[in-house]
Amino acid sequence: MGARKRNRAEAIKEARKTVAIAKLNNCPTSPRKMRLVADMIRGLEVEKALFLLKHSSKEASGRLEKLLLSALNNWEQKNEGERMEEAKLYVKEISVDSARMLKRIQPAPQGRAHRVRKRSNHVTVIVDAKVKQEEVVNDSNS
């Protein structure tokens, strides 16, 4: 491996140490419905996002709340000794992708049949700390 490639790989590895990722695969909700809830919390602070998810009437919000708590737990495991309140965690990135589709048959009039597509999705949440980014900006300005 060349020096530039090795340096780049090390830089990516260092950047990933502060970021926590959680994934939810094959969630039996349509991606369109899940994206509505994901758009609500994208870019918000973690406390505010959890409050919104807890008090939302959408069915997908319960699953996303559990996923966000998992991402927070992952962050705690990576950053032992640091407090979440001081780090000012926020939802850096959240993406909803389409997953497998179950195809079923619905009987229709005159001996016909309609296809029913039962959709599911994959959700990825990335949580990061705002404090460290501000320190880097302040260091580069001085």
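Take the Kirkwood radius over Cα pairs of region 51-95, plug it into Stokes-Einstein at 4 °C and 1.567 mPa s, and you get 110 µm²/s for translational diffusion. Once the convex hull of all Cα atoms in region 42-118 is built, its volume per residue stands at 116 Å³. Note that the chain carries a Kirkwood radius of 17.5 Å, evaluated over its alpha carbons pair by pair.
Net length available on complete extension from residue 100 to residue 51 is 14.6 nm, with 0.36 nm assigned per residue and the Cα-Cα distance removed.
Would you list which aspartates and glutamates come within 16 Å of residue 13, measuring only between C-alpha atoms, while excluding same-chain residues fewer than 8 positions from it? Qualifying aspartates and glutamates at Cα under 16 Å: 128.
Using the structure shown, select from 58/103; 23/130; 5/88 the pairs with a Cα to Cα distance greater than 29 angstrom. Beyond 29 Å: 5/88. The length gained by stretching the chain between residue 1 and residue 19 to full extension, at 0.36 nm per residue less their Cα-Cα distance, is 3.9 nm.
Each eigenvalue of the Cα gyration tensor of region 15-64, multiplied by 5 and square-rooted, gives one semi-axis; in descending order these are 20, 15, 9 Å. Using a probe of 1.4 angstrom and keeping all protein chains present, the accessible surface of the chain works out to 71 square angstrom per residue.
Using just its DSSP H runs of length 4 or more, each adding -39500 (n - 2.57), the chain gives a mean residue ellipticity at 222 nm of -15500 deg cm²/dmol after division by all residues.
Backbone geometry of region 110-119 corresponds, through the Karplus equation with coefficients 6.51, -1.76 and 1.60 at θ = phi - 60°, to 3J(HN,Hα) couplings of 6, x, 8, 9, 10, 7, 10, 9, 8, 8 Hz, x marking Gly and Pro.
The values are calculated or read from the model by the stated rules, or taken from the named source; none is laboratory data. The structure displayed is predicted, hence computed values, not measured ones. Keep in mind that these areas ignore ligands, DNA and RNA; they rest on the heavy atoms of the full protein, side chains included. Shrake-Rupley method; radii C 1.70, N 1.55, O 1.52, S 1.80 Å.
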